[in-house]
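Before any comments, here is the structure.
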Amino acid sequence: MLSSFADDSQVLVQGASRGIGLEFVRQLLAEPSIGRVVATCREPERAAELATFAAGERRLHIVGLDVADEESIAHAAAATAGLTDRLHLVVNCAGILHDDRQSVAPEKRLADVRADALAAGFAVNAFGPLLVAKHFERLLAHRERAVFASLSARVGSIGDNRLGGWYAYRGAKAAQNMFTRTLAIEWARSHRNVICVALHPGTTDTDLSRPFQANVPPGKLFSTGRTVRQLLEVIDRLLPADTGRFLAWDGSEIPW
Ligand SMILES: NC(=O)c1ccc[n+]([C@@H]2O[C@H](COP(=O)([O-])OP(=O)(O)OC[C@H]3O[C@@H](n4cnc5c(N)ncnc54)[C@H](OP(=O)(O)O)[C@@H]3O)[C@@H](O)[C@H]2O)c1
């Protein structure tokens, strides 16, 4: 149970149609202190599982947001501002590693690198959370504790890169980390209530990891339920001094 969130806390889960984001919505709705969950996804009409959560649940609001489209982010921020004047938690979950619709797949070697795939990966994984910060900033600018968390990935660590490959995903997550750190410095001056972090969820059984799960050692593949429980524990324990950090699912620090 969350202990750092006051009654009637208002939260936003960005990228909530599937995987880890969907599970964040489920677990947050089970928390008595959460007064409202705004769950965003790019195609609400196709987010069937998310829609089932809304039945009989007045605290859940589903809002369209394509994180690769700044205008859509601005519209979603305006829609959210019509529901609440403040947010206590924003979790950016949207991410792509492979996407059949855009013929995006992680590169094994330099020859696989394509400009359009790099652009698609950077738009969602790197620019997305930063543009969400820009448009939702006014809802985080209050005096109560707030957390702005973006799901990153250990493979975005430059210091930890021993295997190579996956140029677009690694590069975009590294850029996302730099944006998170830069934003944390700005908000430590202008919005001292906001704790801004990058979080590595651990390898989790979702569509994103599915093609690569054969290489995961037994016991190292988390269910979405376990991942979100662990991440909520990390988020709950965050202190103002933690702003600007890159943390793993167990609260340990990851090198940039
Ligand atoms: N799973 C892992 O092992 C793992 C490990 C490390 C880090 N992560 C990170 O954790 C986050 C969540 O990953 P996951 O495993 O839950 O992935 P997932 O199951 O593949 O879900 C990805 C989510 O991102 C959304 N999305 C993609 N492009 C979008 C866009 N343009 N606008 C809005 N939403 C968009 C998808 O929405 P649609 O349904 O509309 O496609 C979906 O909800 C990602 O940032 C990922 O990089 C995951």
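Annotations for the structure displayed:
- Sequence-separation-based contact order of the range 47-143, relative, with Cα cut under 8 Å and 6+ spacing, percent: 33 percent
- Straight-line cross-link reach from LYS173 at under 20 Å between alpha-carbon atoms covers these lysines, not counting any fewer than eight positions away in the same chain: LYS108, LYS134.
- Where the range 131-256 is the region considered: accessible area per residue in Å², 1.4 Å probe: 49 Å²
- Comparing Cα centroids, the range 128-170 and the range 1-49 end up 18 angstrom apart.
- The range 136-166: trypsin sites (Lys or Arg not before Pro) in DSSP loop, at most 10 other beta carbons within 10 Å: ARG143, ARG162
- A helix-only calculation puts the chain at -11000 deg cm²/dmol for mean residue ellipticity at 222 nm, using -39500 (n - 2.57) for each DSSP H run of at least four residues, averaged over all residues.
- Amide H contacts under 5 Å for THR203: PHE222, restricted to partners 5 or more places along the chain or on a different chain, H placed in the peptide plane at 1.01 Å from N.
- Look at the alpha carbon pairs under 8 Å that are at least 6 residues apart: their mean separation over the length of the chain gives a relative contact order of 19 percent.
- Radius 14 Å from Cβ of ALA74, net charge of other residues (Lys, Arg +1; Asp, Glu -1): -3
- Most fluctuating residue given options LEU131, LEU110, LEU232, as computed from a GNM of the chain linking Cα atoms under 10 Å: LEU110
- Length-normalised contact order for the range 1-87 - Cα pairs under 8 Å, 6+ apart - percent: 28 percent
- 0 to 90° range, to nearest 10: angle between helix 128-140 axis and the chain longest Cα axis: 10 degrees
- Accessible area of the chain belonging to carbon and sulfur atoms, whole % at 1.4 Å probe: 53 percent
The values are calculated or read from the model by the stated rules, or taken from the named source; none is laboratory data. Fair warning: this is a prediction, and the values are worked out from it, not measured in the lab. Methodologically, a virtual Cβ is constructed for each residue, glycine included, from the backbone with ideal geometry; neighbour enumeration extends over all protein chains shown. Ligands, DNA and RNA are stripped out before the accessible areas are found, and what is left, the full protein with its side chains, is counted by its heavy atoms. Shrake-Rupley method; radii C 1.70, N 1.55, O 1.52, S 1.80 Å.
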